[in-house]
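Each value in this text was obtained by applying a stated rule to the coordinates, not by laboratory testing. What you see is a predicted model; the values in this text were computed from it and never measured. Glycine also receives a Cβ, built like all others from the backbone with ideal geometry; neighbour counts cover every protein chain displayed.
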Ligand code: DX5
Ligand code: ZN
């Protein structure tokens, strides 16, 4: 099943509640929240208080993408503020097994993220633990970047490994997902589609989300 996860990074923060509601009306299944620390990535965004505020304005699951060093220090507080899904970067964590279990111990779905330059092979020992794998299709740090085509094969590879090893993790994609790339990512095997600029960049988030979801669903039908 294809699900849309609008990223609030490109939303108008002065009207965040309204924008999240509009994305929900447009069919969003999850709200993607980009947490950046200015160290792991060259940008700063939001922290636990914003997650707490988001929790009050939507019942959709909050998908917190931690682009931070030492995520173990912050996983408990994000869970407490209302995160439902928490993902950490393979590149930022030394003891990935421990970190994923920490996320699960806080009753959140646990995800692992790989940057465009990180191979899928680095995840072989955690694929049976994670609830989802997030394939970055841009270098993390900023919204509205160009989709990196060479990341598509990693979605295909993950789908193939999942089938071969009879695993259950879901495949999420993040970065540059828009009307011109959504067909490719869905056909490659992505099921949870993060989209920031394409939903909140301009125009009506509700209409943008509807159009993107429609294009994604059509591509999924072609795949069968
Ligand atoms: C990038 C973030 C993304 C970003 C995607 O570091 O992880 O979630 O918001 O934005 P778009 O869809 O605009 O590429
Ligand atoms: Zn993200």
Next item on the list: Quote the FRET efficiency, to the nearest 0.05, computed for residue 163 versus residue 72 with a Förster distance R0 of 25 Å and r equal to the Cβ-Cβ distance.
Entry: 0.20
Notebook entry, point to check: Label residue 145 and residue 214 with points 7 Å out from Cα along Cα→Cβ: what is the distance between them in nm?
Noted result: 3.1 nm
Check: Simple spin-label model, 7 Å along Cα-to-Cβ: residue 44 to residue 98 in nm?
Finding: 2.9 nm
Notebook entry, point to check: Using alpha carbon coordinates only, what is the Rg to Rh ratio of the chain, with Rh defined as the Kirkwood radius?
Noted result: 0.93
Check: How would you classify segment 37-91 from its alpha-carbon gyration tensor, with a ≥ b ≥ c the square roots of the eigenvalues: rounded for a/c under 1.5, else prolate if a/b is greater than b/c, otherwise oblate?
Finding: prolate
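Could you order the peptides 25-36, 154-165 from most to least packed, using the average number of other C-beta atoms within 10 Å per residue?
On the way: 25-36: 22.1, 154-165: 16.2.
Put in order of decreasing packing, that is 25-36, 154-165.
Tell me whether segment 63-179 comes out rounded, prolate or oblate; compute the Cα gyration tensor, take square roots of the eigenvalues as a ≥ b ≥ c, and use a/c under 1.5 as the rounded threshold.
Values: a/c = 1.76, a/b = 1.22, b/c = 1.45.
The shape class here is oblate.
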Note to self: Could you check the spin-label model distance between residue 223 and residue 106? Points 7 Å from the Cα along Cα→Cβ, value in nm.
What the structure shows: 3.0 nm
